[in-house]
Amino acid sequence: MSEVSTEEFYDDLASSYNDIIYRCAPRYEEMQQTMMQYVPGDLQPQRILDLGCGTGNLTLRVRETFPDAHVVALDLSQEILDVCRRQCGEQRVSYLQQDFSDLQLSANSFDLVVSSIAIHHVDDLTKQVLFQCVLESLKPGGVFTFVDQFRGETPGIYQQHMRVWKSFADAKGVPPEEWQMWMEHQEQHDFHATVHDQMQWLHEAGFIEVDCLWKHVLWTLLTARKRS
């Protein structure tokens, strides 16, 4: 298989992404539901950024949770943004095609930034720059919360993560060629970092109230807040 860019990969996957993600991501709805449950009660967000929105599954959940807020759905792939637009509509949602490696976000413009299984597509240095960019884009007291794939704290734990994930995929009936597609994409374009490292990078960026709210195999939910 020849190497393709992350944008090309998700362009090609756009129409079938929803079916595939439910087969390949354990507890997919649970992780997003938990994210919404832990948005602080004192936060009544009016502007929300969905960072790496994909086909809009999290965008829809955010809209349901905060029906009066305006959501900016951002993704690298125009094809997948088109699917997101068809799923989420135009009411109180706008769409923005940008690369995580070169985000252009206005300062102090969002009350809440969310992300689901997207940030691992950039390398560790870019993650640290991204966290700083997100902090600057948040209003004082704003919250950044994201769920993603994380490396194990030891090589042995990480290898066990991969074995457990493969067992889940097998039980879901994921065809071998689909699993191989994900593994080739992961080898070419995914950059898993540990929970410890990413929590430290959030602290170093200037976030407070950094916490791990939920974890299952590789998938982990972190939250952090900008000082008021």
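The values are calculated or read from the model by the stated rules, or taken from the named source; none is laboratory data. Everything numeric in this text was worked out from a predicted model, so none of it was measured. All Cβ positions, glycine included, derive from the backbone under ideal geometry; neighbour counts span all protein chains shown. To get the accessible areas, we keep the full protein, side chains included, count just its heavy atoms, and leave off ligands, DNA and RNA. Shrake-Rupley method; radii C 1.70, N 1.55, O 1.52, S 1.80 Å.
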**Report entry** GluC sites (Glu not before Pro) within segment 86-175, DSSP loop, no more than 16 other Cβ atoms inside 10 Å
**Finding:** 90, 153
Query raised in the report: Once amide H atoms are built 1.01 Å from N in the peptide plane, which residues 5 or more positions from residue 70, or in another chain, come under 5 Å H to H?
Result: 47, 48
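Given the Cα-Cα distance of residue 215 and residue 20 and 0.36 nm per residue of separation, how much length would full extension add, in nm? All intermediate terms of the calculation are to be shown ahead of the outcome.
Working: separation 195, 0.36 × 195 = 70.20 nm, distance 2.09 nm.
Full-extension gain reported as 68.1 nm.
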Query raised in the report: In the chain, what is the count of Lys pairs whose alpha carbons are under 22 Å apart, counting only pairs at least 8 residues apart or on separate chains?
Result: 6
Requested in this report: Once you've got the GNM for the chain with C-alpha springs shorter than 10 Å, pick whichever of 20, 119, 48 has the biggest mean-square fluctuation.
Outcome: 20
Report summary line: Projected onto their principal axes, the Cα atoms of segment 103-228 stretch, largest extent first, over whole-Å spans of 48, 26, 24
Report summary line: Counting only DSSP loop positions in segment 180-228, the trypsin sites (Lys or Arg not before Pro) whose Cβ has at most 14 other Cβ atoms within 10 Å are 227
Query - Note, ³J(HN,Hα) from phi for segment 191-207, Karplus 6.51, -1.76, 1.60, rounded to Hz, x at Gly and Pro - result: 9, 7, 10, 6, 4, 4, 5, 6, 5, 5, 5, 5, 4, 5, 5, x, 6
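Give the accessible surface of the chain per residue, rounded to a whole number of Å², with probe radius 1.4 Å and ligands, DNA and RNA excluded. Provide the component values of the computation, followed by the final result.
Numbers: 10340 Å² over 228 residues.
So the chain comes to 45 Å² accessible per residue, rounded to a whole number.
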Report summary line: residue 91 and residue 30 label points (each 7 Å along its Cα→Cβ direction) are spaced in nm at 3.3
